[in-house]
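Undergrad: Dumping the structure here so I can ask a few things about it.
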Amino acid sequence: MFALSSGSPPAAIGVVRVSGPRAREALEALAGRVPAPRYASLAELRDPKGAPLDRALLLWFPGPRTATGEDLAEFHLHGGRAVVAALEAALAAIPGLRRAEAGEFTRRAFLNGRIDLAEAEGLADLLAAETESQRIQALGMASGHVSRAVAKWQERLLELMAGAEAELNFADEDDVDVYEGAARRVVEGMAEVSAELLEWLARPAAEVIAEGLSVVIAGPPNAGKSTLINALVQRELAIVSPVAGTTRDVIETPLALDGIAMRFSDTAGLRGEGADSIEAIGIERAQAAISAADILLWLGPPGAVPVHPRTILIAAQSDRWRGDAAREAEAARCDLILSAATGEGMDKLHRYIVEMARTLLPREGEAVLRARQRAALAEAQRWLSVEAGSREADDLILLAERLRLGAAALDRITGRAGVEEMLDALFGRFCIGK
């Protein structure tokens, strides 16, 4: 198979990759020779009829120590559309060569054991990363942070299983090391691994980083919510009007602050009376958005703020009420004073949001899990949770089965078992050439 593995032309350089048993033949057919392994070599390329194609660099990587685990060749061309198209046409004319499907290079790397499923998922996220926090998290997963942790847990479970099996099947053998209180030792070991899994499950979900933290702007009608979201995104996203109830739905927009992906939402003004039936629906949606928000920006009276664990109280529209003693007293109870119209307090709000957002993100060097991985880890944790002193805790046969099921759940994280149904969906996320 072959595909363009660099950016779409025109570009300075176009890299066309060939993987599989025909890779060597492709080099011989177009360049007339195969360069020394892992050394770049300049060559004149010609199509099967002898017509010149380009003057390019060749790279030859004999398998299995390659990105895909197969023989691999690369043609580093001039990146014009016609040049790339001509080379691809020449490759397609070689018997046994075909264009790669989306994600097929990475899928072959997985199937050939060059990467595991968690690393493949990290690579998919790395290709889709748009912010610094997304890049750092995806790079950690693609580099094997999750896989190494899973490998350590699997090794410990294997030791516990070996001990349980030895006690069950070979306790009467002189050359087998068995011990008293075997069941208790197994339960203690399971509890230690279970506690570590719970620590990982308590970390932020990878989807929070990939999809962005939800930041909801809420408050009563005409509190300045739409003006604020327009100021944050620096464009006219929401309609601003003195008429109460202008915003009747949740208006959401993505925005990155200091490399952190976020989703800001403007909501309908909250009021108990005077709303028509359509505005009432908007108020219900606003309340639902508040409940689901990671961070709440409240532009209403401090005494009326909804219950939420992470709220920034904002005394908005300061350009309108400066000098009003009652409003000044109310503003003193807020976290910051702001005017989206004049820019007062916008820098401080930026800092507040970023500081609060960082408390929801993993610490530096801390890997987090995707939903599929969290589900498998949670299942493993449940199998390893046995109440000490229970009847099950004294039954080595049941404990051995729990260990087996826990290990099988961990296997699904790295793709060693039970993953066929998800492979097509995963690798279909990759572009052609990757």
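The values are calculated or read from the model by the stated rules, or taken from the named source; none is laboratory data. Being a predicted model, the structure only gives us computed values, none of them experimental. So basically every Cβ, Gly included, is an ideal-geometry build from the backbone, and we count neighbours across all protein chains shown. When the accessible area is computed, the model is the full protein with side chains, heavy atoms only, and any ligands, DNA or RNA have been set aside. Shrake-Rupley method; radii C 1.70, N 1.55, O 1.52, S 1.80 Å.
Undergrad: In whole Hz and in residue order, list the ³J(HN,Hα) couplings for the range 44-49 that follow from phi through the Karplus curve 6.51 cos²θ - 1.76 cosθ + 1.60, θ = phi - 60°; x for Gly and Pro.
TA: Values, residue by residue: 8, 9, 9, 6, x, 8 Hz.
Undergrad: Related question: For the chain, what does the relative contact order come out to in percent, with C-alpha contacts under 8 Å and a separation of six or more?
TA: Relative contact order, the chain: 17 percent.
Undergrad: Please sort 224-236, 382-394, 116-128 by packing, taking for each peptide the average over its residues of neighbouring beta carbons within 10 angstrom, highest first. Kindly include the intermediate steps, with their values, before the conclusion.
TA: Details: 224-236: 19.5, 382-394: 14.9, 116-128: 21.5.
In decreasing order of mean packing, 224-236, 382-394, 116-128 become 116-128, 224-236, 382-394.
Undergrad: Scan the range 62-144 for chymotrypsin sites (Phe, Trp or Tyr not before Pro) in coil per DSSP, keeping those whose Cβ has at most 16 other Cβ atoms within 10 Å, and list them by number. Mind dumping the intermediate values first?
TA: On the way: sites: Phe75, Phe105, Phe110; in loops: none.
For chymotrypsin sites (Phe, Trp or Tyr not before Pro) across the range 62-144 that sit outside H, G, I, E and B with at most 16 neighbouring Cβ atoms in 10 Å, the list is empty.
Undergrad: Report, in deg cm²/dmol and to the nearest 500, the calculated mean residue ellipticity at 222 nm for the chain, where each DSSP H run with n ≥ 4 adds -39500 (n - 2.57) and the sum is divided by the residue count. Display every interim value, and only then the final one.
TA: Working: 16 runs with 193 residues, N = 434.
After summing the helix terms and dividing by residue count, I get -14000 deg cm²/dmol.
Undergrad: Same structure, new question: Please give the peptides 192-203, 320-331, 305-316, 19-30 ranked by average Cβ packing (other Cβ atoms within 10 Å per residue), highest first, as a rough proxy for protection. Don't skip to the end; give the middle numbers.
TA: Numbers: 192-203: 15.2, 320-331: 12.3, 305-316: 18.2, 19-30: 20.1.
Order by mean packing, descending: 19-30, 305-316, 192-203, 320-331.
Undergrad: Then there's this: Expressed in nm to one decimal, what extension gain is obtained for the pair Ala92 and Val354 from 0.36 nm per residue of sequence separation less their Cα-Cα distance? Write out the running numbers ahead of the final one.
TA: Details: separation 262, 0.36 × 262 = 94.32 nm, distance 5.09 nm.
Full-extension gain reported as 89.2 nm.
Undergrad: Using only the Cα atoms of the range 271-346, what semi-axes does the equivalent ellipsoid have when each is the square root of 5 times a gyration tensor eigenvalue? Give whole Å, largest first. It would help to have the intermediate numbers written out before the result.
TA: On the way: eigenvalues 117, 49, 29 Å².
So the equivalent ellipsoid measures 24, 16, 12 Å along its semi-axes.
Undergrad: I'd like to check one number: the per residue accessible area of the chain, probe 1.4 Å, reported in Å² as a whole number. Walk me through the intermediate numbers first.
TA: On the way: 21510 Å² over 434 residues.
In whole numbers, the chain has 50 Å² accessible per residue.
Undergrad: If we count every other residue with Cβ under 14 angstrom of Ala90's Cβ, Lys/Arg +1 and Asp/Glu -1, where does the sum land?
TA: Charge balance near Ala90 sits at -1.
Undergrad: Please report how far the C-alpha centroid of the range 178-239 lies from that of the range 40-116, rounded to the nearest whole angstrom.
TA: Their Cα centres are 42 Å away from one another.
Undergrad: Which three numbers, in whole Å and largest first, are the semi-axes of the equivalent ellipsoid of the chain derived from its Cα gyration tensor as √(5λ)? It would help to have the intermediate numbers written out before the result.
TA: On the way: eigenvalues 504, 324, 51 Å².
Equivalent ellipsoid of the chain: 50, 40, 16 Å, largest first.
Undergrad: Once the Cα atoms of the range 41-155 are picked out, what are the Rg and Dmax in Å?
TA: Expressed in Å, the Cα Rg and Dmax of the range 41-155 come to 18.1, 58.
Undergrad: OK, next. Report the residue, chosen from Thr66, Thr253, Thr359, that carries the largest GNM mean-square fluctuation when the chain is represented by alpha-carbon nodes joined by springs under 10 Å.
TA: Thr359
Undergrad: Could you go through the range 73-90 in sequence order and give the Karplus-derived ³J(HN,Hα) for each residue, using 6.51 cos²θ - 1.76 cosθ + 1.60 with θ = phi - 60°, rounded to whole Hz, and x for Gly and Pro?
TA: So the J values, rounded to whole Hz, are 10, 10, 10, 9, 9, 5, x, x, 4, 5, 5, 5, 4, 5, 5, 4, 5, 5.
Undergrad: May I pose another question? What does a probe at Asp347 reach in the range 303-337, counting residues whose amide N is under 20 Å from the point 7 Å along Cα→Cβ?
TA: 314-319, 335-337
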